[in-house]
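Novice: One structure coming up, written as structure tokens, with questions to follow.
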Amino acid sequence: PRQPAKTLWYDRPRYVYLEFCVEDSTDVKVVIEDQRLVFSCKNADGVEFYNEINLYARVLSKDSREKRSDRSITCFVRKWKEKVAWPRITKENIKPAWLSVDFDNWRDWEGDEEVERAMVEQYAEV
């Protein structure tokens with residue numbers, strides 16, 4: 001039986017970030033479409049995780065990417081409309097139990113674009 005991975009998200013001027021919290025993940029698959037993200041993987045115990053998110057707004061799939069670490073898989077999804085805040089990550093105004101805002105990374109955008117650019121470039125080199 002599949003279960004959803006605990007997911008944290010936060011918003012930035014150019015990207016929305018999603019972190020799927022699965023330790024020691026294998027078989028990671030991330031499919032990003034115009035308005036949908038599908039994530040799946042297994043953990044070390046062979047438990048299957050699956051999350052499907054109908055996104056709040058349109059995104060640029062080809063400019064989106066993901067990065068895996070031992071603790072989680074982070075996706076950064078490029079917004080179609082930059083500098084438009086997303087009040088939530090889901091199209092539907094409902095909050096699934098497995099989804100939370102990442103308050104550690106959530107902050108005001110003022111002057112944030114340089115920080116964001118550096119962050120994305122740092123990920124891109126990995």
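Novice: Out of the DSSP beta bridges found with both residues in the chain, what percent are antiparallel (nearest 5)?
Specialist: On the way: 31 of 35 bridges.
Antiparallel bridges make up about 90 percent of those DSSP assigns within the chain.
Novice: At q = 0.16, 0.20 Å⁻¹, what log₁₀ I(q)/I(0) does the chain have when each alpha carbon counts as one equal point scatterer in the Debye sum?
Specialist: One equal scatterer on each Cα of the chain leads to -0.76, -1.20.
Novice: Still on this structure: Count neighbours as other Cβ atoms within 10 Å of each site's Cβ, and list the trypsin sites (Lys or Arg not before Pro) in region 1-81 that are DSSP loop with at most 12 such neighbours. Present the calculation step by step, with values, prior to reporting the outcome.
Specialist: Values: sites: Arg2, Lys6, Arg14, Lys29, Arg36, Lys42, Arg58, Lys62, Arg65, Lys67, Arg68, Arg71, Arg78, Lys79, Lys81; in loops: Arg2, Arg14, Arg58, Arg71, Lys81.
The qualifying sites are Arg2, Arg58, Arg71, Lys81.
Novice: Quick one: angle between helix 113-125 and the longest Cα principal axis of the chain, in degrees between 0 and 90, rounded to 10, please.
Specialist: Helix 113-125 sits at roughly 40 degrees to that axis.
Novice: If you count only protein heavy atoms with a 1.4 Å probe, what accessible area per residue comes out for the chain, rounded to a whole Å²?
Specialist: Working: 7390 Å² over 126 residues.
In whole numbers, the chain has 59 Å² accessible per residue.
Novice: While we're here: What's the carbon and sulfur percent of the chain's accessible surface, probe 1.4 angstrom, rounded to a whole number?
Specialist: Details: 3410 of 7390 Å².
It is 46 percent, rounded to a whole number.
Novice: Something else: For region 56-106 and region 18-32, write down the distance between their C-alpha centroids in whole Å.
Specialist: 13
Novice: Quick one: if you stick a label point 7 Å off each Cα along the C-beta vector at Lys81 and Asp24, how many nm between them?
Specialist: For the pair Lys81/Asp24, the computed spacing is 4.5 nm.
Novice: Another question about this same structure. Consider a paramagnetic label point 7 Å from the Cα of Trp109 along Cα→Cβ; state which residues of region 33-74 have an amide N under 16 Å from it.
Specialist: Only 56-60 fall inside the zone, counting backbone N under 16 Å.
The values are calculated or read from the model by the stated rules, or taken from the named source; none is laboratory data. Please read these numbers as outputs of a predicted model, since none were measured by experiment. A quick note on method: Cβ atoms are made from the backbone with ideal geometry, for glycine too, and the neighbour counts reach across all protein chains shown. Protein only, heavy atoms only, side chains kept; ligands, DNA and RNA dropped before computing areas. Shrake-Rupley method; radii C 1.70, N 1.55, O 1.52, S 1.80 Å.
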